[in-house]
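What follows is a set of notes on a single structure, which appears directly below.
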Amino acid sequence: MQEIFSLKPYRFIPPYRSRWFSRISRWIRFHRRLIWKLEGVRGFEVRGAEHLRESVAAGHSIVIAPNHSRTADPIAFGFLEEKVGVDLFAMASWHVFNQGWLTTQVVRGLGAFSVNREGLDRASIDYALQILESHERPLIIFPEGSTSRTADRLMPFLDGLGFIARTGAKKRQALDGGKTVIHPLAFHYRYEGDIVAAVSPVLDRIEQRLTWHPNRVSDLLPRINRIGNALLTIKEVETFGSEQAGTLEQRLANLIERLLNPLEVKWLGSPQSGTTSARIKTLRTKILPDMTEGKVPKEEMPARFTDLRDTYVAHQMSCFPLSYLNERPTVDRIRETVERFEEDITDKAPLFPPLKCVIEVGEAVEVSTDRAARRGADGDPLVQQVFDRLQSMLTRLGLESPLYPG
């Protein structure tokens, strides 16, 4: 399990409001060096930058809502800042600020402030609303909440985007009558090398961990599907005691329910409905806060860590649509799938350089303060509009990825 949970008591950490750090960073192209070293991203292309420039020039309060397929995404915003010449603020998960003093100073200098995703973080929300009211800089909110490694598909949005955008729009309107807009922003990463040569050593290692002989004579797609089925079966045996019947999609859904339902009964009193992401967040808000505040007896901590691990596994399963690769076997979907396999086994995704980062900024979606336009029985129409536009952008960008020729 990756270190995404911190047992330090949460405290809000604001960004450094001075612009000197981000401007020096752009001048020395710090983001280019960092994203190459950490993520293997060499080239980039920014499309639709004029949409953001127009909103900045008009003095709008701006929310940028990107997909979040890779840990490279926050660094890749440096390409957008470089292209548009704008400084940004961003909501960043609390665990990012617990990775060392230097990391904390860097992310604060680049405009990030903390948000506690495992609880109601009034301080972070108030800070975001202050940014929108003052329209000092555009504000980045990752509505999926965590990385998915599926660049062509969005995960369901967590609550927060609609509330912050609408409340901020109301404050801005009351201040000076100004508008608030949301720009969907699509990240897509293109592999620019030999995909077979790149992923074969990783598949070798995975097969060896499964006690198999590396199957170098098999075509890439059957080989990947065989490994995926084996990894799912192993998790079923651990959870159910045996391999389960049904389609891969049914088996995956059943596994997620088997992981979450007992936890929901234990912590919430009954099984819950809704998206997997929302259900996991609700569980973590029950499990984690007492741990961070030191209120849990030492002998109970292992059981709580086990429960958190099960939410983590359920999240990993929900991020992995099994039809993703077979319905359109592109080079980049192959890369993402193998990255997911390795990350699920070792908690560390392999690098496949060189990658090219394509960033597309969508047209502005105006945020209405009209009560009639707010969330109803079918959800928030504003959030759905942003989701649909962003998914359309990702689908179009995904079509540019070459099909695997095998």
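None of the figures in this text is laboratory data; all of them are computed from the coordinates on show. Only a predicted model underlies this, so the values are computations on that prediction, with no experimental measurement involved. No Cβ is skipped: glycine too gets one built from the backbone with ideal geometry, and neighbour counts run over all protein chains shown.
In percent, how large is the relative contact order of the stretch 195-346, given Cα pairs closer than 8 Å and 6 or more residues apart? The normalised contact order for the stretch 195-346 reaches 23 percent. Quick one: of the DSSP bridges fully inside the chain, what percent are antiparallel, nearest 5? Beta bridges within the chain, antiparallel portion: roughly 35 percent. Pairwise Cα separations in the stretch 162-238 fall into 10 Å bins from 0 onward with the following percentages, short to long: 14, 27, 15, 11, 16, 15, 3. Scaled against 2.2 N^0.38 Å for its residue count N, the alpha carbon radius of gyration of the stretch 195-346 is 1.19. Treating each Cα of the chain as one equal point scatterer and applying the Debye formula with no solvent, the log10 of I(q)/I(0) at q = 0.07, 0.08, 0.10, 0.14 Å⁻¹ comes out as -0.34, -0.45, -0.72, -1.41. Cross-link partners of Lys171 among lysines, defined as those whose alpha carbon lies under 29 angstrom from its own and excluding same-chain residues fewer than eight positions apart: Lys179, Lys281. When each of the peptides 203-214, 291-302, 118-129 is scored by the mean number of other C-beta atoms lying within 10 Å of its residues, the order from highest to lowest reads 118-129, 203-214, 291-302. Available extension along the chain between Phe305 and Arg396 is 28.7 nm, counting 0.36 nm per residue and deducting the alpha carbon span. Entry for the stretch 1-137 at q = 0.11, 0.17 Å⁻¹: log10 I(q)/I(0) = -0.42, -1.04, Debye formula applied to identical alpha-carbon scatterers, no solvent contribution. Take the Cα of Gln272, step 7 Å along the line toward its Cβ, and report every residue of the stretch 84-125 whose backbone nitrogen sits under 17 Å from that point. 116-121, by backbone N distance to the label point.
Sorted ascending by nearby beta carbons within 10 Å, beginning with the fewest, Ser323, Ser61 become Ser323, Ser61.
Hydrodynamic estimate: the Kirkwood radius of the stretch 264-392 over Cα pairs, inserted into Stokes-Einstein at 37 °C and 0.692 mPa s, corresponds to D of 174 µm²/s.
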